[in-house]
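The values are calculated or read from the model by the stated rules, or taken from the named source; none is laboratory data. Nothing here was measured: the structure is a model prediction, and the numbers come from that model. FYI the Cβ positions are ideal-geometry reconstructions off the backbone, even for glycines, and counts take in every protein chain you see. Side chains included, ligands, DNA and RNA excluded: accessible areas come from the protein's heavy atoms. Shrake-Rupley method; radii C 1.70, N 1.55, O 1.52, S 1.80 Å.
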Amino acid sequence: MWFVKTKAIQISFLGIYFLLGVFVSGCQRQIVSESPNQVTFPGSITKLSENSSPQHLEWIKIKETVWIHKSFGNFLGKTYESNGLVVLSSRGVVVIDTPWTESQTEELFEGIKTKFQKEILFLIVTHAHDDRMAGVTQFQNRNIPVYSTSLTSKLAKEKGLGKTNPILDLQTRVSAGNVSVEIFFPGHGHSPDNIVVWLPNTHILFGGCLVKAIDATDLGNVKDANLLEWENAVKRVLSRYPDAEVVVPGHGNWGKLDLLRHTIRLLVSTNH
């Protein structure tokens with residue numbers, strides 16, 4: 001009898017321990033995904049966790065044919081998020097910017113294959129920084145065309161970020177089956193070569209790192225920025241695409257045109 005009671009007590013403790021483990025684990029997952037204590041760091045990138053390794057690629061559906069691929073990169077031992085797009089067409093998939101790491105780029109290929117059963121038609125990179133181009137070589141190894149402007153191609157070569165096909169200076173609208181993709185260079189802002197991508201079929205604007213998330217409190221990484229021209233660049237985008245229904249920044253949550261106005265306010269505050 002003593003043995004049976006002892007065994008029962010042990011089982012009860014094990015059960016409580018298991019439940020506590022599940023609760024703690026669930027809380028940890030919730031903290032990473034919901035990020036209740038978000039702060040901004042270089043580039044107004046949302047900081048997710050302290051001293052953690054890169055997260056797996058995440059998928060966020062904006063519309064049936066447009067998804068955000070959210071990747072994660074390490075900076076000074078901390079993990080930050082970055083946005084790119086996957087656009088579905090009748091012929092295949094268009095990718096806007098690569099994930100931040102090579103391993104997450106492999107996840108992108110696998111995810112597109114399993115989720116959509118479509119081939120990647122081409123990649124567009126929006127400027128020559130590693131959070132936009134880290135996986136370019138993997139696209140090239142698969143013989144997937146990589147398109148950019150001539151300035152991005154030049155800067156990417158200088159920085160060792162891979163070789164691109166610089167067709168977007170002259171060919172500013174690219175078709176992919178039933179989908180059209182428009183490229184617009186608004187001028188020097190976050191970087192000298194930053195472009196935005198407009199999807200007229202869905203009224204989605206990918207602002208990239210030219211545009212800051214609504215909760216950004218600073219301009220972040222301004223190493224390659226032109227603070228005096230950046231405001232004018234954003235105003236040109238706002239004037240050109242006043243009917244954008246969704247605006248996706250390079251980092252942080254997507255929203256509406258108020259992201260562009262918020263970026264302008266940050267620039268005005270910085271410059272005055």
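What list of ³J(HN,Hα) values in whole Hz, one per residue of segment 193-203 in order, does the Karplus curve 6.51 cos²θ - 1.76 cosθ + 1.60 (θ = phi - 60°) give from phi, with Gly and Pro shown as x?
Running phi through 6.51 cos²θ - 1.76 cosθ + 1.60 with θ = phi - 60° gives 10, 4, 10, 10, 10, 10, 10, x, 5, 10, 6 Hz.
Going by average Cβ neighbours within 10 Å, how do the peptides 262-271, 248-257, 179-188 rank, with the highest at the top?
Highest-to-lowest ranking by the protection proxy: 248-257, 179-188, 262-271.
Beyond 25 Å between alpha-carbons counts as too far, so tell me which of Lys115/Lys163; Lys154/Lys223; Lys61/Lys212; Lys157/Lys212 fall in that bin. Present the calculation step by step, with values, prior to reporting the outcome.
Details: Lys115/Lys163 28 Å; Lys154/Lys223 18 Å; Lys61/Lys212 20 Å; Lys157/Lys212 27 Å.
Violating the 25 Å limit, Cα to Cα: Lys115/Lys163; Lys157/Lys212.
Accessible area per residue for segment 72-197 in Å², computed with a 1.4 Å probe and the full protein assembly in place, what is it? Walk me through the numbers before you get to the answer.
Numbers: 4990 Å² over 126 residues.
Per-residue accessible area for segment 72-197 comes out at 40 Å².
Roll a 1.4 angstrom probe over the protein heavy atoms and tell me the percent of accessible area of segment 153-242 that is carbon or sulfur.
On the way: 2110 of 4000 Å².
In segment 153-242, the share of accessible area belonging to carbon and sulfur is 53 percent.
How much of the pair distance distribution for segment 142-191 lies past 18 Å, counting alpha-carbon pairs only, in percent?
38 percent
Take peptides 107-120, 83-96, 230-243 and line them up by average Cβ neighbours within 10 Å, highest first, as a rough protection proxy.
Order by mean packing, descending: 83-96, 230-243, 107-120.
Could you tell me the ratio Rg/Rh of segment 143-249? Both radii from Cα atoms, Rh via Kirkwood. Spell out each step's value before the answer.
Details: Rg = 14.2 Å, Rh = 14.7 Å.
Reported Rg/Rh, Kirkwood definition of Rh: 0.97.
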